[in-house]
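Worksheet for the structure shown next.
What follows is calculated from the coordinates using simple rules that are stated; it is not laboratory data. On a predicted model such as this, the values are computed, not experimentally measured, just so you know. Every residue, glycine as well, gets a Cβ built from its backbone with ideal geometry; the counts of neighbours run over all protein chains shown.
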């Protein structure tokens with residue numbers, strides 16, 4: 001098992017994340033030292049939305065068009081320039097294999113005609129979403145990403161998640177920040193954690209959105225507190241975080257895996273976001289673990305070198 005000193009290393013890196021804590025760089029923060037004096041405006045990535053229908057567009061009284069779906073996403077225009085295209089507008093059970101073939105040809109044509117396009121998002125019904133995603137994986141020849149998304153609730157229902165899913169789909173496109181290989185890192189940690197939870201013999205509570213938000217507020221609060229601390233105080237704060245953590249081995253594993261994949265440097269805002277999301281996953285698991293396991297039954301903690 002990897003030593004917890006790696007956790008200290010990530011905590012030190014996280015202390016240089018004022019943007020993730022909702023703060024601008026200050027003269028005393030590490031980010032202020034490395035930030036260029038002048039910022040150059042970067043053009044927004046360009047993304048194509050190709051809508052095929054599905055529950056995400058199945059509004060009572062008439063189906064949403066591709067343009068209407070894009071317009072329903074708050075903040076989307078701030079992170080990407082999205083062009084919408086209506087390929088079809090049917091339930092996933094009604095779309096045919098012939099249409100899938102035409103869709104694959106259309107996506108290949110879009111990529112071929114537009115070398116500067118960052119990627120494509122395809123909306124689909126959830127009944128065949130994973131099958132369509134695999135089919136496009138086999139038939140789209142461009143290396144740029146295609147993200148297939150949908151929703152479980154329709155636009156007329158409370159809790160409609162279509163806009164959030166579309167926003168998330170745009171965010172994970174390769175040129176929106178981190179590469180697809182980097183995205184594999186938190187996914188791998190998630191799968192390892194899931195397998196460990198599954199074989200633990202415990203019945204685990206659902207990690208709700210409220211739990212995720214509460215854990216994220218605590219984590220960003222720690223980061224905000226750490227900004228401007230000297231190295232000695234920062235290391236003591238990091239050690240306290242480790243000592244009080246209910247899942248220290250998972251914490252050490254996550255940090256070590258981030259280091260193995262060269263993500264501890266947090267060189268970009270996107271890498272900082274990815275690192276923060278990974279740490280918050282571990283904190284969420286630790287939070288719900290406290291509800292199923294009393295402190296006296298916790299495993300002995302790793303000893304720092």
Stokes-Einstein translational diffusion, the range 229-274 - Kirkwood Rh over all Cα pairs, 1.306 mPa s, 10 °C, in µm²/s: 133 µm²/s
FRET efficiency, residue 209 to residue 85 (Cβ-Cβ, R0 30 Å, nearest 0.05): 0.45
Segment residue 138-residue 94, extension gain: residue separation times 0.36 nm, minus the distance between their alpha carbons: 13.7 nm
Added length on full extension, which subtracts the Cα-Cα distance from 0.36 nm per residue, residue 46 to residue 231: 62.5 nm
Per-residue Cβ neighbour rank within 10 angstrom, fewest leading, 208, 169: 208, 169
Overall form of the range 46-172 per C-alpha gyration tensor (a/c, 1.5; a/b vs b/c): oblate
Tensor-based shape of the range 250-293 (alpha-carbon gyration tensor, a/c under 1.5 rounded, otherwise prolate or oblate): oblate
Over the range 193-294, relative contact order from alpha-carbon pairs under 8 Å, at least 6 apart, %: 45 percent
Computed over the range 46-172: relative contact order in percent, which uses C-alpha pairs under 8 Å that are six or more apart: 36 percent
